[in-house]
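First the structure, in the form of structure tokens, and then the observations on it.
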Amino acid sequence: MFVLDSHCDTPSQILRLRDIGTDNTRGQVDFPKMRRGMVDGAFFALYTPSSLSHEGAMSAAIRLLSAVYDTLDANPDKAALALSPAQALRNKEKGLLSVFLGMENGAPVGKSLSLLRMFFRAGVRYMTLVHSADNDICDSCASVEKTWHGLSPFGREAVAEMNRLGMMIDVSHASDETFYDVIRYSASPVVATHSCCRALASHPRNMSDDMIRTLALHGGVIQINFYPVFLDDSFASILKDSGLEEKGESVEKAFIASPGDNAKREAWYKIQDALMALPRPSYKRIVDHIDHAVSVAGIDHVGIGSDFDGIDVTPSGLDDISGMPLIFEEMKARGYSPEDIAKVAGGNFLRVMEDVQRLKSETLGSGIIQF
């Protein structure tokens with residue numbers, strides 16, 4: 001069994017001076033925690049906020065990319081880059097963890113297919129098209145007034161180019177109209193790398209049953225997110241009433257601006273502690289969403305994308321990636337077979353990745369740009 005987490009925001013934490021080669025008291029992902037959690041690989045997302053301009057997002061993405069490469073160079077005995085499922089399996093045989101690269105938000109690409117190709121050459125194997133605001137590619141689920149009502153004209157070109165390259169298209173954060181446009185225009189299977197089921201929690205970031213079913217019918221996979229707000233509506237209300245989300249934004253922003261300032265770091269830690277003290281849904285709620293997604297899409301179209309290091313609060317009982325086996329133990333307790341657990345643990349996502357890479361129409365070459 002290959003255990004894969006399809007979405008972690010760890011590169012942002014590396015820029016906040018976290019050494020993920022060592023076991024951190026704080027933080028949700030590092031290499032020792034991955035080992036303890038028996039996680040064989042994870043997609044590290046190059047996340048850029050929607051507030052940045054195209055130029056600012058491009059610069060930020062390159063800094064994140066550079067930080068990941070530097071981290072891998074500093075830990076050659078622990079982890080290695082993976083560009084394909086086959087390479088990840090070879091890494092595992094060598095005793096190495098696999099780090100895959102994703103890009104969260106297409107803003108660094110702007111309106112340039114050349115930049116899209118550049119990030120692919122640098123190792124990025126999926127792109128989350130949008131984040132919390134509409135961009136040049138498509139509409140976000142978070143925007144009230146939609147710009148494009150789906151994909152933009154450039155977005156349709158980007159989808160075709162991603163198909164050609166063998167880069168996976170991630171519809172997490174996309175509006176419903178964008179989702180159906182992507183399904184319409186993509187010749188390859190589509191993924192939702194960190195999303196939940198709207199039938200169990202009504203947040204617009206989650207996917208409706210029809211979306212999940214459509215994703216599966218086109219060969220794709222939904223990867224269940226661990227964020228309590230996406231897991232349970234009652235926690236969303238608790239969080240809103242606590243006022244911690246609004247307070248935390250300013251404290252975190254100050255910490256991001258000065259990650260070496262111990263006072264700002266400690267202030268952020270206090271916010272995190274207060275969030276974790278809230279009554280949170282159990283990690284078993286993750287398996288509720290897995291159950292529902294399986295009932296809608298089938299066992300071959302569901303996986304796990306935690307959103308660790310991008311979420312400020314986690315489900316009760318599952319504080320970081322070292323707790324991943326709890327998910328599979330709960331699945332076993334609910335009657336899932338070892339074969340089905342292996343599919344959800346990573347097999348399904350790797351299969352889709354293989355399908356997307358197999359269907360590509362042209363290869364750019366094997367050279368990888370290192371920054």
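Per-structure values
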quantity	calculated
Condition broken by Ser152, with the remaining ones in (1) closer than 21 Å to Thr48 by Cα; (2) in contact with a helix residue (DSSP H, G or I) (Cβ under 7 Å, 6 or more places away or on another chain) satisfied	(2)
Residue in segment 197-222 that is farthest from Ala297 (Cα to Cα), counting only those that are under 20 Å from the mean Cα position of the chain (by Cα) and among the charged types (D, E, K, R)	Arg205
Restricting segment 274-315 to residues that are among the acidic types (Asp, Glu) and either assigned to a loop (DSSP other than H, G, I, E, B) or open to solvent by less than 20 Å² (accessible area, probe 1.4 Å) (or both), the residue that is farthest from Asp340 (Cα to Cα)	Asp312
Qualifying residues in segment 246-264 (those that are in contact with a helix residue (DSSP H, G or I) (Cβ under 9 Å, 6 or more places away or on another chain) and in a loop (DSSP other than H, G, I, E, B)) - the one surrounded by the most Cβ atoms within 10 Å (Cβ to Cβ)	Pro259
Which numbered condition Ile341 fails, given (1) open to solvent by less than 10 Å² (accessible area, probe 1.4 Å); (2) aliphatic (A, V, I, L, M); (3) more than 16 Å from Asn225 (Cα to Cα)	(1)
Residue in segment 217-234 that is of a type in the set (Asp, Glu) and touching a residue at least 24 places away in the same chain (Cβ under 8 Å) present	yes
Pairs with Cβ under 6 Å, 6+ apart, first in segment 333-347 and touching a residue at least 24 places away in the same chain (Cβ under 8 Å), second open to solvent by 30 Å² or more (accessible area, probe 1.4 Å) and not in a helix (DSSP H, G or I)	Ala342/Met1; Ala345/Met1
Members of segment 118-155 that are of a type in the set (Lys, Arg) and touching a Gly at 6+ places or on another chain (Cβ under 9 Å)	Arg121, Arg125
Count of residues meeting criterion [among the small types (Gly, Ala, Ser) and open to solvent by 10 Å² or more (accessible area, probe 1.4 Å)] in segment 110-132	3
Subset of segment 26-77 that is basic (Lys, Arg) and surrounded by fewer than 20 Cβ atoms within 10 Å (Cβ to Cβ) - its residue that is nearest to Val124 (Cα to Cα)	Arg63
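The values are calculated or read from the model by the stated rules, or taken from the named source; none is laboratory data. It should be emphasised that the depicted structure is a prediction, and the values quoted were computed from it without experimental measurement. Every residue, glycine among them, receives a Cβ derived from its backbone with ideal geometry; neighbour counts consider all protein chains shown. Quick note on the areas: whole protein, heavy atoms, side chains included, nothing else; ligands and nucleic acids left out. Shrake-Rupley method; radii C 1.70, N 1.55, O 1.52, S 1.80 Å.
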